[in-house]
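Heads up: the structure comes next, in structure tokens.
Derivation of every value follows stated rules applied to the coordinates shown; laboratory data play no part. Predicted model only: the values in this text are computed from it and were never measured. Here Cβ is always computed from backbone atoms with ideal geometry, including for glycine, and neighbour counts include all displayed protein chains.
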Amino acid sequence: MKKLTLLFFVLTAAIGFSQKQAEVSLDLLDGNVIKGTTSLADIELVTAFGKLQIPVSKVSHIEIGIGKDNSVAEKVKSNLKILSTSTVEDTRKGAYSDLVKIGIKAIPFIQDFYNDPKNVSGEDTYTGEFTIDNALAEIQAASNISGDLPKEDILTIDNIYIMGGNYNFTKLDIKTEYGSLSVPKEKIKTIDITVATEPGSGEYTFKLNASKHISGNTNGGWLKTGVMLKNGQRFSLQSNGEVTMASLSNSKYKPDGSSKAETATEWTKPYGSTEEYDGGSYPSYGQVVYRIGESTTENLKAGAKFNGTAKKSGMLYIAIYETVYNAANKGGYNVKLTLGK
């Protein structure tokens, strides 16, 4: 997690409580996805460094942590003690059942139990089904949790910086094309937020993650910048970084499409490119691409450096070009967008 000393002071000074209309996409713990609009005030994040008031327009992604509900702490700890010491099957069965009923709120306390050295013992001879491991697995399966969830809420700020803390809200009221929904926080896994920026001038920085922002990924592969372009507006994109594409035999790529095979020592330029010629208008694997508007299927090449004019009005989307998506991709590109008149 990046050090955010400077950002801390900047955000602390940026106090604002006005509601902003935002497009949101919610990934739920049950596997469903909800997309719609909502009104969001600036986000109050309670961190280990103090309380921050973060402009919602600066936040692009939130990963919801489990948190700790101390109202269930004693009950969970009591059941864990029984499951770690009792030899009576019916007693263990009752504690197991109670622990599973508590559900996802029990997970942080189970993790604490595992992390406490005094609970590690090689003398446990119990071989039945009513174990802490099995209870945890059942809770995770019921909650559709495939791995560890963070204890804190994790915010991505300015598409680059990451900060953890507690974002205190109980539910989100979402307007969808099918009606209004009220979604409790404990049902949400992640939130993607876009607050549209009207056409104008300025600079913006974004992070394209190879594990997600792939043009062939139909579930959030294109990063929604939130920046609206108007027809005829000049803009530029400058990108740097390096990615490893599991979908392309673990070859490494740069934003201009240069590649290096897993066993190679030299970088290779995209096919047909020279100092005078960049290989044509069609993108090569690993290059930064863009599109304007959500409904279009265009993959317009940006590469490492692009200066051009918007051919239509709409929101700018960017991605890493590859037709096949693999979540095992690694690395990312930093992209700077500069708007002209």
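Observations
- Zone residues, segment 126-154, relative to Lys93, backbone N less than 13 Å from point 7 Å out along Cα-to-Cβ: 129-130
- Using alpha-carbon coordinates, inclination of helix 89-102 to the longest axis of the chain, degrees: 40
- This ranking places Trp222, Trp267 by how few other beta-carbon atoms lie within 10 Å of each, fewest first, which gives Trp267, Trp222.
- Residues listed by number, segment 302-335, amide nitrogen under 13 Å from Ile160 label point at 7 Å toward C-beta: 333-335
- Calculated [θ] (222 nm, deg cm²/dmol) that DSSP helices of n ≥ 4 give over the chain, each run adding -39,500 (n - 2.57): -5000 deg cm²/dmol
- Tensor-based shape of segment 282-327 (alpha-carbon gyration tensor, a/c under 1.5 rounded, otherwise prolate or oblate): oblate
- Relative contact order of segment 210-341, defined on C-alpha pairs under 8 angstrom at six or more residues apart (%): 42
- Segment 168-250, relative contact order in percent, only Cα pairs under 8 angstrom and at least six apart counted: 22
- Only Cα pairs under 8 Å and 6+ residues apart enter the sum, and on that basis the relative contact order of the chain stands at 19 percent.
- Of Lys35/Lys171; Lys212/Lys311; Lys254/Lys305, pairs whose Cα-Cα distance is over 22 Å: Lys212/Lys311
- Axis of helix 132-142 versus longest Cα principal axis of the chain: the two differ by about 50°, to the nearest ten degrees.
- Spin-label model distance (nm) - Lys171 vs Ser236, 7 Å beyond Cα toward Cβ: 4.9
- When the alpha carbon gyration tensor of segment 202-339 is reduced to an equivalent ellipsoid, its three semi-axes come out at 24, 17, 12 angstrom, largest first.
- Annotation note: trypsin sites (Lys or Arg not before Pro) in segment 300-333 located in DSSP loop regions with a Cβ neighbour count of at most 11 within 10 Å are Lys312.
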